[in-house]
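What follows is a set of notes on a single structure, which appears directly below.
The values are calculated or read from the model by the stated rules, or taken from the named source; none is laboratory data. Computed from a predicted structure; not experimentally measured. Counting neighbours? That spans all protein chains shown, and the Cβs are built from the backbone with ideal geometry, glycine included.
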Amino acid sequence: MNLRRAVVTAIRNPGMPTAYFRWILYRIFTLRGPYIRVGSGARIGCKWIRFSEYWSYLGLGPGPGPSISQPTTALISSCLLRAGEKSVAVDVGANIGIFSTAFAAAGFSEVHAFEPIPATFARLEENVEFNCFGSRVKLNAQGLGDQERVAEMQYDQGNPAEAHIVTEATPGACPIKITTLDRYAELNQIHRIDFLKIDTEGYETAVLRGAETLLREKRVSLILLEWYPELLIRAGSGPDELWRTIMDAGYLMYLNFSAGKTDTPVTFDELKSMPWSNLIAVPAEDVA
């Protein structure tokens, strides 16, 4: 049965056999999995947990992969072109560093990455060091939220990309430190953020509430965040609350953003029918 399932999976994913062969060769001759390229030539992947993780980061499967697509790379480049002399990117939910390394490779002056899970943070650190970005990437072993506190995070070693904060005591959860983006920006003298990426498994609303001052003063030029109603509800928020938080801050949301030109802003009614999407939020005054 397992062999049959493997054959069916390979047929549905034509690139999988080649990727698996490459995986096996690297494991034999280098004792680790292969690297993959992300963004502007950066490479990640020192220690893949298993082939399925490597495959998912290649982004070749039928579902949305976590690798950076060409439109996202173009978005990063266009945002960088509009930035000032000192360009700042913030990666919230950095995981193993796909966006952090892509930001640095694209040329951002400063990249601030947040990853609270110790094991995942170690992989993030290794990927950043491998790309020789030095002090341009500041790594923070903590999370961001709406207040400074210690929280419990559920973490599955076999599937670290789905780690999430839990509201009740849960076996296997680990304590993590949380601060707010407003507080962090104040302490690190960050006056403007050109690109803010948030992927926090439903905790996006809390992250944005912790950036109230930055957003109110329009000191964040662009936000890329995940719209995932199921995870928002699990985190104790909800799609309507995330929507209101962004709208009340004076930002508009878009499904597409390319070369500095936006399409028509997305409405809440349109989003309600979407189980998952990446969204762009920009100050309303910038597209007026």
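Some observations on this one:
- Which listed residue is among the β-branched types (Val, Ile, Thr) and out of contact with any Asp or Glu (no Cβ under 8 Å at 6 or more places or on another chain), from 245, 180: 245
Residue by residue, here is whether (1) of a type in the set (Ser, Thr, Tyr); (2) more than 22 Å from residue 174 (Cβ to Cβ) holds:
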{"residue": "77", "(1), (2)": "yes, yes"}
{"residue": "81", "(1), (2)": "no, yes"}
{"residue": "92", "(1), (2)": "no, no"}
{"residue": "122", "(1), (2)": "no, no"}
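- The residue that is surrounded by the fewest Cβ atoms within 10 Å (Cβ to Cβ), counting only those in the range 132-175 that are closer than 16 Å to residue 198 by Cα, small (Gly, Ala, Ser) and at pLDDT 85 or above, is 141.
- Exclusive hit being of a type in the set (Asp, Glu), surrounded by fewer than 16 Cβ atoms within 10 Å (Cβ to Cβ) and modelled with pLDDT under 95, set 286, 240, 248: 286
- Given (1) over 20 Å from the mean Cα position of the chain (by Cα); (2) at pLDDT 95 or above, index of the condition residue 281 fails: (1)
This table checks each residue for (1) outside the structural domain of residue 200 (by TED's automatic domain parsing); (2) of a type outside the set (Ser, Thr, Tyr); (3) over 19 Å from residue 207 (Cβ atoms); (4) part of a strand (DSSP E or B).
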residue	(1), (2), (3), (4)
75	no, yes, yes, no
78	no, no, yes, no
81	no, yes, yes, no
90	no, yes, no, yes
94	no, yes, no, no
100	no, no, no, no
104	no, yes, yes, no
113	no, yes, no, yes
119	no, yes, yes, no
